[in-house]
Amino acid sequence: MAQRILVVDDAAFMRMMIKDIITKNGYEVAGEAENGAVAVAKYKELSPDLVLMDITMPEVDGIQAVKQIKEFDANAKVVMCSAMGQQAMVIEAIQSGAKDFIVKPFQADRIIEAIKKVIG
């Protein structure tokens, strides 16, 4: 059975692009969220195998969302996505429990590499 991924980004076009890449590579889109608050709710509802989480989002950012998801499920697997120059935030995200991070603009193979590294 295909592994299910929750795609979280405040930009609809980014979610579309990511969904396209992961479905072409045999993964299933469990759902999508446009901010961290929605991401946490969807995680609880959908129990995805992996979350691809943008760091910078309105309302609840990716780092807060990772912390909340990890509190709910210590085994949650989250890969952070960040723009260039957000190194400090990436470090904070990893300390908060993220397993890996991808830098925007994305290379499709880098996304797949990160997913494979974390969930196989």
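The values are calculated or read from the model by the stated rules, or taken from the named source; none is laboratory data. All values reported here derive from a predicted model rather than from experimental measurement. So basically every Cβ, Gly included, is an ideal-geometry build from the backbone, and we count neighbours across all protein chains shown. All accessible areas refer to the heavy atoms of the entire protein, side chains included, with ligands and DNA or RNA removed. Shrake-Rupley method; radii C 1.70, N 1.55, O 1.52, S 1.80 Å.
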Next on the checklist: Please verify whether residue 69 is at pLDDT 95 or above and either hydrophobic (A, V, I, L, M, F, W, C) or open to solvent by 10 Å² or more (accessible area, probe 1.4 Å) (or both), treating the condition exactly as stated.
Outcome noted: yes
Checklist entry - Could we say that residue 44 is without any contact (Cβ under 8 Å) to a residue 40 or more places away in the chain, on the phi < 0 side of the Ramachandran plot, surrounded by fewer than 19 Cβ atoms within 10 Å (Cβ to Cβ) and touching a helix residue (DSSP H, G or I) at 6+ places or on another chain (Cβ under 7 Å) here? => result yes
Checklist entry - Can you tell me which residues in the stretch 72-97 are open to solvent by 10 Å² or more (accessible area, probe 1.4 Å) and either within 17 Å of residue 10 (Cβ to Cβ) or outside any helix (DSSP H, G or I) (or both)? => result 73, 74, 75, 77, 83, 84, 85, 86, 89, 96, 97
Next on the checklist: Filter the stretch 1-20 down to the residues that are among the charged types (D, E, K, R), closer than 18 Å to residue 80 by Cβ and assigned to a helix (DSSP H, G or I) and list them by number.
Outcome noted: 15, 19
Checklist entry - Limited to the stretch 73-93, what total is found for residues that are within 18 Å of residue 57 (Cβ to Cβ) and touching a residue at least 12 places away in the same chain (Cβ under 8 Å)? => result 13
Next on the checklist: Checking the structure you have, find out if any residue of the stretch 19-28 is of a type in the set (Lys, Arg) and surrounded by fewer than 14 Cβ atoms within 10 Å (Cβ to Cβ).
Outcome noted: yes
Checklist outcome for this item: Among residues of the stretch 1-13 being surrounded by fewer than 19 Cβ atoms within 10 Å (Cβ to Cβ) and aliphatic (A, V, I, L, M), the residue nearest to residue 59 (Cα to Cα) is 11
